[in-house]
Amino acid sequence: MVPNSVIHPGSGEEPPGLYLHIPFCKSRCAYCSFNSYACQSPPAAYLAALSKQIRHWAGQQWCRERTFATLFVGGGTPTIYGGGELASLVELSLTSFNFTEDAEITVEANPNTVSEQALTSLRRAGVNRLSLGVQAFSDRLLAGLGRSHTMAEADAAIGAARRAGFTNINLDLMYGLPGQSVADWQDSLDQALAHAPEHLACYELTIEEGTPFARLVDKGDLILPDEEEALTMAERTHAFLAQAGLERYEISNYAAPGRECRHNLNYWRNGAYLGLGAGAVSCLSGFRFSTVQEPEEFAGLVQRGELPLAEGECLPLEARFRESVIMGLRMIQGVSFARLHRQFGLTPPGYYGKMLDELQQQGLVAVSKDSLRLTKAGLPVANQVLARLV
Ligand code: SF4
């Protein structure tokens, strides 16, 4: 399935990441466009198929020749499965693939799907980072989003995670929500910081096509904060979290020193990764492929010994270079010319020429001897700037 030309480790390639997708949630949130399906008891057949994929891929030459630096079990809601089942999946991954000794092992969870006992099982299996989808510390706002948990459950889940021994916790929060004021957002940040998380991911709500929220917006039935309010929320976030010692290292991500999410840093550096599970995407040394989205189809194909492949492509060198620049500019420190030159033999000034000069004159990017980054003025309009570099 992997072309021979990409079998051997490329020059300058960093250790890859492994991603496992669990596409089930207790219910669907009104804004969700992820590959997830509502169910109360997730099928055992899916975990069996995922386990079979883990064993299959661990035996492939591309994987055997590499040592993985991160494992990320994401969703959906991975913790919709019991602690024991999920712990077994993590243990299988850790024993099947080569991992670095200090590998970052993350599991995503929603607050109403975790108990101290389940979290203790995950910790014992080697999970050393927990990412909790809290979104807001307000029952009114959570209900408006169609989240299935309450603020009290979020507080309880964080407490349980600490007691289970987690010392690296991320909280996902959202701003720009229907009915949310700047004061509400400040309150969510205050309450999040009261738990002293090592990492915060603060995303602005985006309305994705095909979601219940998109239909409400079309009918004029969803009132969102205006642009100025959303901008104030974003600006407050940077200033407030910086004071609290959480440094902004990516457009939406903040971390205590040394607690940046290494799995995501690998994506933003356009590193190699293997994604297993329904709808998961892999990029192995420039060969990108995705698996079928629907969990039943995925499990059926895997159990019959067939490839659950949806599509695949070998990315041309220049396309990979441009992608590396665009993804790398999401990081506050930007992209390193030395790294890009090592990987592609190209650098942004040489490749983009006048286009980059223009962006620099407009004050949207800063070019130094060895790096390119978005400026303070460029970060809020990142999408427009990045679109010009595609
Ligand atoms: S918990 Fe996450 S993945 Fe599940 S429905 Fe809500 S937004 Fe989607």
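Can you name every residue in the stretch 41-60 that is away from the ligand (no atom under 16 Å from the Cβ), over 9 Å from A299 (Cβ atoms) and surrounded by fewer than 14 Cβ atoms within 10 Å (Cβ to Cβ)? Scanning the stretch 41-60 gives A44, R55, G59. Taking the criterion of being in contact with a Lys or Arg (Cβ under 9 Å, 6 or more places away or on another chain) and surrounded by fewer than 19 Cβ atoms within 10 Å (Cβ to Cβ), the residues of the stretch 312-329 that qualify are G312, E313, C314, L315, M327. Restricting attention to the stretch 13-40, the residues that are at pLDDT 95 or above, more than 13 Å from the ligand (Cβ to nearest atom) and surrounded by fewer than 20 Cβ atoms within 10 Å (Cβ to Cβ) add up to 1.
Within the stretch 370-390, being out of contact with any Ser or Thr (no Cβ under 9 Å at 6 or more places or on another chain), touching a residue at least 24 places away in the same chain (Cβ under 8 Å) and assigned to a loop (DSSP other than H, G, I, E, B) holds for one residue alone: V390. Taken over the stretch 282-316, residues that are aliphatic (A, V, I, L, M), over 21 Å from E65 (Cβ atoms) and assigned to a strand (DSSP E or B) amount to 2. The residue of the stretch 95-119 that is nearest to the ligand (Cβ to nearest atom), among those that are assigned to a loop (DSSP other than H, G, I, E, B) and farther than 26 Å from M151 by Cβ, is F97. When residues in the stretch 120-150 are screened for being modelled with pLDDT of 95 or more, within 16 Å of the ligand (Cβ to nearest atom) and either outside any helix (DSSP H, G or I) or within 18 Å of C25 (Cα to Cα) (or both), 15 of them pass. In the set T120, T100, T70, T95, only one residue is over 22 Å from Q293 (Cα atoms), buried (at least 23 other Cβ atoms within 10 Å of the Cβ) and not hydrophobic (A, V, I, L, M, F, W, C); that residue is T70.
When the residues of the stretch 61-85 are narrowed to those that are touching a Phe, Trp or Tyr at 6+ places or on another chain (Cβ under 7 Å) and closer than 15 Å to L284 by Cβ, which ends up farthest from the ligand (Cβ to nearest atom)? Looking at the filtered set, the residue picked out is T67. Among the residues of the stretch 324-336, are any within 15 Å of Q384 (Cα to Cα), part of a strand (DSSP E or B) and not hydroxyl-bearing (S, T, Y)? Scanning the stretch 324-336, I find no residue that is within 15 Å of Q384 (Cα to Cα), part of a strand (DSSP E or B) and not hydroxyl-bearing (S, T, Y), so the answer is no.
Would you pick out the residues in the stretch 109-130 that are touching a residue at least 60 places away in the same chain (Cβ under 8 Å) and either in contact with a Cys (Cβ under 8 Å, 6 or more places away or on another chain) or within 18 Å of F34 (Cα to Cα) (or both)?
Residues of the stretch 109-130 touching a residue at least 60 places away in the same chain (Cβ under 8 Å): 110, 112-113, 129.
Of everything in the stretch 109-130, those that are touching a residue at least 60 places away in the same chain (Cβ under 8 Å) and either in contact with a Cys (Cβ under 8 Å, 6 or more places away or on another chain) or within 18 Å of F34 (Cα to Cα) (or both) turn out to be N110, R129.
The values are calculated or read from the model by the stated rules, or taken from the named source; none is laboratory data. On a predicted model such as this, the values are computed, not experimentally measured, just so you know. No Cβ is skipped: glycine too gets one built from the backbone with ideal geometry, and neighbour counts run over all protein chains shown.
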